[in-house]
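For reference, the structure discussed in these notes is given below.
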Amino acid sequence: MNISWLFILLLFSVQPKLPSQKAIDALNHMPYEQIVAKAALLDQEFIENAHAARQLGYVLGEAESYSHLSLIYYTQGKYAAELQYSLKAIALFERLNKKEKLALAYGELGYRMKRRDLKAALYYMQKAKRIAEQGKFTQPLLSIYNNYGVLKEMQQSLDSALYFYQKGLLLKESINDSVGLPYSLNNIAGVHLLRAEFLQAKPLFERALDIRMRRGDRAGIMESYSCFGDFYLMQNHPKSAILWFEKALAQAKQQGYVDFVQKSHRALSESYEMLGDNKQALRHFKAYSQFKDSLINTQTNNKIAELEIRFQTNEKEKEIAQNKNELLEKNIEVKNARYQMGGIGLVALFVSLLGYLLYRQQKLKISQQHQEFELKTAIARIETQNQLQEQRLDISRDLHDNIGAQLTFIISSVDNLKYAFDIQNPKLNVKLDNISAFTKSTIVELRDTIWAMNANDLSFEDLRSRMMNFIEKAQSAQEQTQIIFEIDPQLEAMVLSSVLGMNVYRTMQEAVNNALKYAQANLIRIEIKKTTSGFEMNIQDNGQGFDLQTVLKGNGLHNMQKRIERIGGIFNLTSKPGSGTEISFIVQC
């Protein structure tokens, strides 16, 4: 009896104890770069950490463990698990009303979905940005501004991307964020690369790598190596690019960073192909395809498993139905022996049921054919849209590469004429300056046109960024004139067609230019307000004004009115001598 009690006491004494909240927090506070570096080994530890937190009723510790698991599985390339744990963490942060952590979680989810579903990525990122800005949470905004810029860059909105990259950089420099600074520096340099501004890009890449080397940030060093590879590849120096991409690949393999291994193989394939080494290009492309196919195969296997379950369920249902029919036939035979009239009634019922089933099957077949026809029509429409988009991209590239280069050559030639010859004639000097200034403004107009052509839709955020860039340039050119720009926050989520957005932007641009050139105004106020079915823009200056009855309307005023009427808007112009000018228009969208 005593031995039995002793055995029971020993059994309970060796039961494992749950970790304390302090131990759970210790694992959850592991630095980001360490989690990324050891991602291939840490998933089980964080699963156990979440389990222990749940048993303790420590909801915050459980949520943070799920958030780290989503990062780990993203690094491993297991995107279904990454999404699952991201949503679990978000649900718990919302339940706890932890706004700062919620903003960070939404932002990370948006960034990680960028290559799988850009529309969803933008939705989550904008939600994160809104929560963080409303709460004035500095820590989430450090990554949100930078990552939102990445999404804008993927939309080909380079001006918007640069705006958010620089906004994030200023915030990181204000708190000396040595972890986040290199990401902002590399992204800003990346925009310069896309614009072929290599001299501006290189020192930014070098500064980012230097910070990461001093910190020993292996994951960050890997990203910087890849950036230098892109830098040399875009300048048609494949040999130098290969050296950097090989370094990035070695780091990615060492850390088990699947997404970066795949990216490095693809970059190496492109570099070797440019070098003319088809053997190495093919080798790296096969490696890239294997990683890509492994992800696709996982999804395919899941689909097959789902179809197998459906198939087995249908087979069971058929077997049950067959057994029922056999039993019914036996019952009919027995009943026919006793009750012939009853058997005739059952046969009639069976025939009616069969007729109903045939009718229902035929109806389902017709419905399926109709759905297939709608699907084919939708696919054809999408293919047509894709072809149109490709044509637009080709035209915009030709404009940028050919017309842009020729305009730049004109500016260079004018400058060379002025500096190479001692021109004494002041009229000739003025004429050359006018040619140079006109050509520069034409380049700006060309960039604006390319910006509009490269997008089917424009968010009001994109339009606002474009207007801010123009206003800042106008302000710097006319420092004596104050320009005030106000926009209704409710308009941020509105989406405009590229045609509508471009006409609104051009009208605002023309109105401000007129006020600066002719009105002699020292204050220009631009206000955009939301209306029930669209928005209203008002541009007002305190300049000298003019008499609407006597003045001849030039091309500028005429074009503004035509632009607004072309997009179905209502245009209004009011002005009096000595009382300034006001231009307003209402647009429905």
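The values are calculated or read from the model by the stated rules, or taken from the named source; none is laboratory data. All figures in this text were calculated on a predicted structure; none of them were measured in a lab. When we count neighbours, we look across all protein chains shown, and the Cβ atoms used for this are built from the backbone with ideal geometry, even at glycine. These accessible areas exclude ligands, DNA and RNA; they are computed on the full protein's heavy atoms, side chains included. Shrake-Rupley method; radii C 1.70, N 1.55, O 1.52, S 1.80 Å.
Some notes on this structure:
- Near TRP244: Cβ cut-off under 12 Å, other residues only, Lys/Arg at +1 and Asp/Glu at -1. The net charge is -1.
- With R₀ set to 30 Å, the beta-carbon distance separating LYS253 from LEU275 gives a calculated FRET efficiency near 0.85.
- Around TYR145: net Lys/Arg minus Asp/Glu count, Cβ-Cβ under 11 Å: +3
- For SER174 and ALA40, the FRET efficiency from 1/(1 + (r/R0)^6), where r spans their Cβ atoms and R0 equals 45 Å, is about 0.80.
- Distance from the C-alpha centroid of the stretch 56-88 to that of the stretch 94-119: 12 Å, rounded to the whole angstrom.
- Put a plus charge on the Cβ of each Lys and Arg, a minus charge on the Cβ of each Asp and Glu, and nothing anywhere else: the dipole of the stretch 467-533 about its Cα centre is then about 180 debye.
- Distance from the C-alpha centroid of the stretch 133-180 to that of the stretch 453-522: 22 Å, rounded to the whole angstrom.
- Compactness of the stretch 158-253 as Cα Rg over 2.2 N^0.38 Å, two decimals: 1.05
- The accessible-area ordering, largest first, of the residues LYS427, LYS363, LYS127 stands as LYS427, LYS363, LYS127, per a 1.4 angstrom probe.
- Estimated distance in nm for a label pair at ILE366 and ILE344, the labels positioned 7 Å out from Cα along Cα-to-Cβ: 3.4 nm
- Taking the centroid of alpha carbons for each part, the stretch 193-215 and the stretch 217-282 are 16 Å apart.
- Per principal axis, descending, Cα span of the stretch 90-158 in whole Å: 37, 22, 13
- Segments 560-566, 354-360, 55-61 sorted - mean Cβ within 10 Å per residue, highest first: 560-566, 55-61, 354-360
- 10 Å-binned pair-distance histogram of the stretch 501-587 (Cα, whole percent): 17, 53, 27, 3
- Principal axis extents of the C-alpha atoms in the stretch 99-223 (largest first, rounded to whole Å): 37, 30, 23.
- Summed residue charge, Cβ within 11 Å of ILE90's Cβ, Lys/Arg positive, Asp/Glu negative: +3
- Between the amide H of ILE487 and those of ILE528, distances stay under 5 Å, these residues lying 5 or more places away or on another chain, with hydrogens modeled in the peptide plane.
- A 1.4 Å probe run over the protein chains yields, for the stretch 144-282, 43 Å² of accessible area per residue, whole-number rounding.
- The dipole here belongs to the stretch 52-110: it is taken about the Cα centre, uses +1 on the Cβ of Lys and Arg and -1 on the Cβ of Asp and Glu, and is about 120 debye.
- When peptides 511-519, 229-237, 258-266, 169-177 are sorted by average Cβ neighbour count within 10 Å, with the highest value leading, the order is 258-266, 511-519, 229-237, 169-177.
- In order through the stretch 472-482: 3J(HN,Hα) via Karplus (6.51 cos²θ - 1.76 cosθ + 1.60), integer Hz, x for Gly, Pro: 4, 5, 5, 5, 5, 6, 10, 5, 6, 9, 8
- Close amide H partners of MET494, meaning residues 5 or more places away or on another chain with modelled amide H under 5 Å apart, are PHE460.
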